[in-house]
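Participant: Structure incoming, see below.
The values are calculated or read from the model by the stated rules, or taken from the named source; none is laboratory data. Bear in mind the structure is a predicted one, so any value in this text is a computation, not a measurement. Methodologically, a virtual Cβ is constructed for each residue, glycine included, from the backbone with ideal geometry; neighbour enumeration extends over all protein chains shown.
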Amino acid sequence: MAGGWAKEGAEQEQIERTLDDAVELARSRLPQGKSRKYCEECDEMIPEARRLAVPGVRLCVVCQNEHDKKQSNTSSYNRRGSKDSQLR
């Protein structure tokens, strides 16, 4: 239900663009290439099962979790365009 000057279906288009951006970001973060046998961060051996499951893996599970926590800053871009959001 669009209001004001927004065209019909504008909210759905915004949702779809946000999802597309999130998928593109996730794909760009996927490892590529040959998996390492030892973690880049701590030099612990990466189990073969992990290397087979995640092609191009470079970090052990513990270091990957820490890396993911640091990278968890998601985009908070406001595409709503409501008057309230424009005044901030």
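Participant: Please work out which one of (1) exposed (fewer than 13 other Cβ atoms within 10 Å of the Cβ); (2) at pLDDT 90 or above is the condition Gln12 fails and give its number.
Facilitator: Here Gln12 meets the rest and fails (2).
Participant: Then there is this: Please count how many residues of the stretch 23-74 are surrounded by 13 or more Cβ atoms within 10 Å (Cβ to Cβ), of a type in the set (A, V, I, L, M, F, W, C) and part of a loop (DSSP other than H, G, I, E, B).
Facilitator: 6
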